[in-house]
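Here is the structure we will look at.
The values are calculated or read from the model by the stated rules, or taken from the named source; none is laboratory data. If you're wondering where the values come from, they're calculated on a predicted model, not measured in any experiment. Note that we place each Cβ from the backbone using ideal geometry, even for glycine, and neighbour counts take in every protein chain shown.
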Amino acid sequence: MTDRIEVQAPAKINLALDVTGVREDGYHEVRMIMQAIRLSDRVSLRKIARPETVLKTNLPFLPTGKGNLAYDAAELFIKSTGIQAGVFIEVEKNIPVAAGLAGGSTDAAAVLCGMNELFETGLSDAELQALGLKLGADVPFCMMGGTALAEGIGEKLTRLPDAPSFHVLLVKPDRGASTKEIYGRLKLSDDTVHPDIDGMIRAIEKEDRLGIAGRLGNVLEPVTGQLCPEISEIERQMKSFGCEGVMMSGSGPTVFGLFADRGCASAAYMHFKVGPYARQTFLTEFLRG
Ligand code: ATP
């Protein structure tokens, strides 16, 4: 029996994000194509004698108690399973915060899955996903990984075949975006340009790279773009390096570029690494499920 465990917590991007309506309770109905990427936080869990949750992270501005999704996940796990346990959690954040990459959600997913293993509590995948959903709509996908269609408020997941791999260049403008604020500002109208989600699914099934890159779309991009004009400038620069497609991920403001060619991806990476976004530039790739 082990008393510690280390879990990788991968980020996600949205290859396509559509909002189809608003429910009576204020939640938005979405259809999104989710794709896990290799850029990950590292979450270490260790049993401790005192029955409490202790959290440490390398980012001083993040809460280390209630409000940190990793902490909230541990407390929820302990309450739901009834175990008498204490846990020390260390989160090494590599995923930028408030970036549209599900950084907090993936930490929560890693804590729930990691604690289930560490404390040998035997929860099923479905039970873990149900717990995860209480913490955030993206948490269940973060447990599943790979490529998936997310519907409802993001919780109805359908696994898709792994999308053909791309190199992924991520560049995050300085400001963060509040998911709640961006959805709140979205006004759906007849002029809203909706991405072709069904066409994207077909392109993934056929491993049609050009079809995928040609159907990137995000109904939230014009909303975040109004607050963050750097988005379109970053996209313009990425395109000049020959990427197959560019788009903003989630509620943003991170921009991703999909590159089939490793050399083009590296050249673009070097370009951004010496510019104003140097510290928020990452070169990664799709992560298979
Ligand atoms: P999504 O793509 O799911 O909308 P995001 O990438 O936009 O998420 P996060 O990085 O999850 O956003 O951060 C959103 C907010 O959550 C931040 O303002 C941060 O203070 C808070 N937060 C709580 N716990 C964490 C965590 N473990 N990692 C990052 N942010 C966290």
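Right, residue 46: more than 30 Å from residue 147 (Cβ to Cβ) and assigned to a strand (DSSP E or B) or not? So that I can check it myself, show each step before the final result.
Numbers: more than 30 Å from residue 147 (Cβ to Cβ): yes; assigned to a strand (DSSP E or B): yes.
Yes.
Restricting attention to segment 160-202, report how many residues are within 14 Å of residue 15 (Cα to Cα) and not in a loop (DSSP other than H, G, I, E, B). Number of matching residues: 11.
Looking at residue 187, is it in the same structural domain as residue 226 (by TED's automatic domain parsing) and either away from the ligand (no atom under 16 Å from the Cβ) or touching a residue at least 12 places away in the same chain (Cβ under 8 Å) (or both)? Can you show your working first?
Working: in the same structural domain as residue 226 (by TED's automatic domain parsing): yes; either away from the ligand (no atom under 16 Å from the Cβ) or touching a residue at least 12 places away in the same chain (Cβ under 8 Å) (or both): yes.
The answer is yes for residue 187.
When residue 34 is tested against (1) assigned to a strand (DSSP E or B); (2) over 30 Å from residue 164 (Cβ atoms), only condition (2) is not met.
Out of the residues in segment 206-232 that are touching a strand residue (DSSP E or B) at 6+ places or on another chain (Cβ under 8 Å) and of a type in the set (D, E, K, R), which is nearest to residue 248 (Cα to Cα)? Don't jump to the end; show me each part of the working.
Within segment 206-232, the subset touching a strand residue (DSSP E or B) at 6+ places or on another chain (Cβ under 8 Å) is 212-221, 224-225, 231.
With of a type in the set (D, E, K, R) added as a condition, the list becomes 215, 221.
Working: 215: 13, 221: 6 Å.
That would be 221.
Restricting attention to segment 7-28, the residues being of a type outside the set (S, T, N, Q), under 30 Å from residue 246 (Cβ atoms) and at pLDDT 95 or above number 10.
Scan segment 190-211 and tell me whether some residue there is farther than 16 Å from residue 16 by Cβ, modelled with pLDDT under 95 and not β-branched (Val, Ile, Thr). Please lay out each step first, then the result.
Residues of segment 190-211 that are farther than 16 Å from residue 16 by Cβ, as a first pass: 190-191, 207.
Narrowing further to those that are modelled with pLDDT under 95: 190-191.
Going one step further and asking which of them are not β-branched (Val, Ile, Thr), we end up with 190-191.
Yes, segment 190-211 contains at least one residue that is farther than 16 Å from residue 16 by Cβ, modelled with pLDDT under 95 and not β-branched (Val, Ile, Thr).
Sort through 4, 31, 50, 46 and tell me the only one that's more than 13 Å from the ligand (Cβ to nearest atom), within 30 Å of residue 214 (Cα to Cα) and surrounded by fewer than 23 Cβ atoms within 10 Å (Cβ to Cβ). Step through it out loud before you land on a result.
Details: 4 fails: within 30 Å of residue 214 (Cα to Cα); 50 fails: within 30 Å of residue 214 (Cα to Cα); 46 fails: within 30 Å of residue 214 (Cα to Cα).
Just one listed residue meets the conditions, 31.
Taking the criterion of being within 14 Å of the ligand (Cβ to nearest atom) and at pLDDT 95 or above, the residues of segment 147-172 that qualify are 150, 170, 172.
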